[in-house]
Amino acid sequence: QERRYNMTILKQISIHELTDFKIGNAEYTEGATGCTVILPRDKGATCGVDIRGGGPANREGGLLNPLAANDSVNAVLLSGGSAFGLEASIGVTKYLEEKGIGFPTDSGVVPIVCQSCLFDLEMHTSQIRPDTALGYQVCLNAENNNYTDGNVGAGCGATCGKAYGSEHMMKTGVGSCAYQLGDVKVGVIVACNSMGDVFDYTNGTQIAGAIDYNTKQFLNCEEALYMMQMHSQLHTNTTIGIVLTNASFNKTQLTKIASMAHDGMARSINPIHTEFDGDTIYAMSSGKVKADLNVIGTLAARCFAEAITASVKNSESMYGVLSYKDIH
């Protein structure tokens, strides 16, 4: 039966209204780093991924290949810490094992935990990173759905606009956006940590990025690339996020939805998807409602762009780095 959608019933909702998922934040503020975890309430969910950046740090990404046998994920973890932050997934794995959640084997369950990390080592001290203890704690926090937008969780040490070096970057964080369309719900969580500048996709206005701290005037990261002003901080990026939906899709379809969601990232960040980034988007489905892939992918792109705006506008100045609230 053909499904018809009416834009007048497109309703913005809280990310917490996607009740098939538990979402938590935990951070080490003294290290300017943290974690955000997404746990399916049904203990497992179908998941796909699309990696566009040239320098990703991730775990179990191969299991999300449509050719791989696995079709259920028990958690997705977004974190800081670059490759060091991958240790946090051990804490998530430990938490899930204690709950008896994972792929069943004769030796017990094996939790399937996917993770992507952003680079925040330059923010405060590179010796404090997401670890096993923080990975376990963020799962405990998810039991209470403590997720909020801002420079918390995976966005604790996130920044943007680094083409001219760290002395010109701005503070960002994690952001979310969700919509309901009839009985279908689509939401996004993103940790914005971009080399490029950030724009409000609805009107093209720059809201964050490389800035002259003296004049409070924005610089232009795209222009920096054309001028070949390659600073060492150019490699310290990666925007990571996840699309959540109650719509029913298989892994191949979710990979396509993640791919479409990257359009939302491209609407909001410029430059994007360079070899200096590790930009990664997951798409996870609880499989409760039938829906059209093109509709959900298009809505996911919109959510992703709006979640990036939220990640900028809800962050505070920290660690000597200015935020949107102080600039505007």
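In the range 275-294, what residues are more than 26 Å from D20 (Cβ to Cβ) and either surrounded by 19 or more Cβ atoms within 10 Å (Cβ to Cβ) or in contact with a Phe, Trp or Tyr (Cβ under 7 Å, 6 or more places away or on another chain) (or both)? Across the range 275-294, the qualifying residues are F276, D277, G278. The set of residues in the range 167-217 that are touching a His at 6+ places or on another chain (Cβ under 8 Å) and outside any strand (DSSP E or B) comprises A210, Y213. Is there any pair with a first residue in the range 301-328 that is more than 23 Å from R267 (Cα to Cα) and a second that is in a helix (DSSP H, G or I) whose Cβ atoms are under 9 Å apart and which are 6 or more apart or on different chains, and what are they? These pairs meet every condition: E316/K325; E316/D326; S317/K325; S317/D326; M318/T29; V321/S166. Selection within the range 1-27: residues that are aliphatic (A, V, I, L, M) and modelled with pLDDT under 95. The member of this set that is surrounded by the most Cβ atoms within 10 Å (Cβ to Cβ) is L10. Of the residues screened, N214 is not one that is open to solvent by less than 20 Å² (accessible area, probe 1.4 Å), out of contact with any helix residue (DSSP H, G or I) (no Cβ under 8 Å at 6 or more places or on another chain) and either farther than 23 Å from G175 by Cβ or of a type in the set (S, T, N, Q) (or both). Within the range 95-107, one or more residues are basic (K, R) and under 23 Å from L134 (Cβ atoms).
Being in contact with a Phe, Trp or Tyr (Cβ under 8 Å, 6 or more places away or on another chain) and farther than 22 Å from E306 by Cβ: is that true of L219 here? Answer is yes for this residue.
Annotation note: Cβ proximity below 7 Å between a residue of the range 275-295 that is touching a residue at least 12 places away in the same chain (Cβ under 8 Å) and over 22 Å from L181 (Cα atoms) and a residue that is open to solvent by 30 Å² or more (accessible area, probe 1.4 Å) and charged (D, E, K, R) (sequence gap 6+ or interchain) occurs for D279/R52. The single residue among A307, A266 that is aliphatic (A, V, I, L, M) and surrounded by 20 or more Cβ atoms within 10 Å (Cβ to Cβ) turns out to be A307. Restricting the range 166-185 to residues that are of a type in the set (D, E, K, R) and open to solvent by 10 Å² or more (accessible area, probe 1.4 Å), the residue that is farthest from A247 (Cα to Cα) is E167. Report, ordered by the first and then the second residue, all pairs with beta carbons closer than 6 Å, sequence separation of six or more or different chains, a first member in the range 39-57 that is within 21 Å of A266 (Cβ to Cβ), and a second member that is among the aromatic types (F, W, Y). Partner pairs satisfying both residue conditions: V49/Y282. Please find, within the range 186-211, the residue that is farthest from I9 (Cα to Cα) out of those that are of a type in the set (S, T, Y) and open to solvent by 10 Å² or more (accessible area, probe 1.4 Å). Among them, the one singled out is T205. Within the range 28-60, can you find the residues that are open to solvent by less than 50 Å² (accessible area, probe 1.4 Å), under 15 Å from the mean Cα position of the chain (by Cα) and closer than 16 Å to S259 by Cβ? C47, G48, V49, D50, G53 - these are the residues of the range 28-60 that are open to solvent by less than 50 Å² (accessible area, probe 1.4 Å), under 15 Å from the mean Cα position of the chain (by Cα) and closer than 16 Å to S259 by Cβ. Counting only residues that are free of Cβ contacts under 8 Å to residues at least 12 places away in the same chain and part of a helix (DSSP H, G or I), which one in the range 60-114 is farthest from S126 (Cα to Cα)? The qualifying residue farthest from S126 (Cα to Cα) is E98. Test T93 against the criterion of being under 26 Å from G287 (Cα atoms) and open to solvent by less than 40 Å² (accessible area, probe 1.4 Å), and give yes or no. Answer is yes for this residue.
When residues in the range 137-155 are screened for being buried (at least 22 other Cβ atoms within 10 Å of the Cβ) and either of a type in the set (F, W, Y) or on the phi > 0 side of the Ramachandran plot (or both), 2 of them pass.
The values are calculated or read from the model by the stated rules, or taken from the named source; none is laboratory data. Because the structure is a prediction, the values reported are computed rather than measured. Using ideal geometry, Cβ is built from the backbone for each residue, glycine included, and neighbour counts are taken over all protein chains shown. Accessible surface areas use protein heavy atoms only, side chains included; no ligands, DNA or RNA. Shrake-Rupley method; radii C 1.70, N 1.55, O 1.52, S 1.80 Å.
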